[in-house]
Amino acid sequence: MAGAGDIGSGPFEVPPPAFLFDLDGTLIDSVYQHVTAWQEALDACGITLSVWRIHRRIGMSGGLFLNALQRETAQDLDAATLARLTALHREGYLRRVESVAPLPGARELLASLADLGVPFAVATSGGEAVAGAGLALLGLGPEVPIVTRDQVRRAKPDPDLFLAAAKSLGVVPARSFVVGDSVWDLLAAQRAGSLGIGLLSGGYGLEELQAAGAYRVYDDPADLMAHLEEVGVRPPS
């Protein structure tokens, strides 16, 4: 008769979870390049908004950022101005992209997961043109699914990006961890039905990430890699 921990004649083993990673502030150190690019774009359009308010919106889709901008500045911006802001932000970020680097441990974490056979994907609120430069820093192979804003109907805090990433891996969201640096990542994780792992590398605080639903919080990718056993990833025995 099989024991309580057995199925048939072999031990029962739970497969490791899949990982669905945000990009900016999670794998690459690019949050403040986005902040200054948005500030430059706003200044060019004669719109005043404090830098800290811009930072609080990084991680949202550009469209939701612009909606929030109109509410916070009490300005009704026409379609031409909104389009100009989006283009100026993209141009400003790409001018700064040479100063973007992988966060500590990011490349090593992804390589370790690949070596352990743990599936992972990257899901970002950035469009392909903006995300591509940052993704190139990570040394990802073609087998790693990448989901960008262009591929889904809605971006964070809606769950579409992470649902699409889970689907690309052939896993259910409930068997996946979403790893992100912002409250928007973690709210999207909850709506996708995934557990959220927060990283402090994007500038949000521990309590903020926990309040948004983070199951665990680490400093950066290197800190997460040092504690993979806490999230159910173990070397083969």
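Details
- Candidates L209, L186: the one that is in a helix (DSSP H, G or I) and under 20 Å from P119 (Cα atoms) is L186.
- Counted residues, region 139-173 - those being outside any loop (DSSP other than H, G, I, E, B) and at pLDDT 95 or above: 13
- Here L88 does not qualify as within 25 Å of A188 (Cβ to Cβ) and either touching a strand residue (DSSP E or B) at 6+ places or on another chain (Cβ under 8 Å) or buried (at least 17 other Cβ atoms within 10 Å of the Cβ) (or both).
- Where a residue in region 191-202 is touching a residue at least 24 places away in the same chain (Cβ under 8 Å) and its partner, wherever it lies, is assigned to a helix (DSSP H, G or I) and aromatic (F, W, Y), with Cβ under 6 Å and at least six apart: A192/F162
- Meets criteria (at pLDDT 85 or above and of a type outside the set (A, V, I, L, M)) for F21: yes
- Looking only at region 111-138, and only at residues there that are assigned to a loop (DSSP other than H, G, I, E, B) and among the aliphatic types (A, V, I, L, M), the one that is nearest to D29 (Cα to Cα): V118
- Scan of region 212-225 for residues that are in a strand (DSSP E or B) and in contact with a helix residue (DSSP H, G or I) (Cβ under 7 Å, 6 or more places away or on another chain), ordered by number: A214, R216, V217, Y218
- Of all residues in region 96-110, those satisfying the criterion of being in a helix (DSSP H, G or I) and in contact (Cβ under 8 Å) with a residue 12 or more places away in the chain are R96, V97, S99, A106, R107, E108, L109, L110.
- Scanning region 56-79 for residues that are of a type in the set (K, R) and farther than 17 Å from V31 by Cα turns up just one, R71.
- Residue list for region 32-88, restricted to those being in contact with a helix residue (DSSP H, G or I) (Cβ under 7 Å, 6 or more places away or on another chain), closer than 26 Å to F21 by Cα and not in a helix (DSSP H, G or I): R57, I58, G59, M60, S61
The values are calculated or read from the model by the stated rules, or taken from the named source; none is laboratory data. Here the structure is a predicted model, which is why all the values come from computation and not from measurement. FYI the Cβ positions are ideal-geometry reconstructions off the backbone, even for glycines, and counts take in every protein chain you see.
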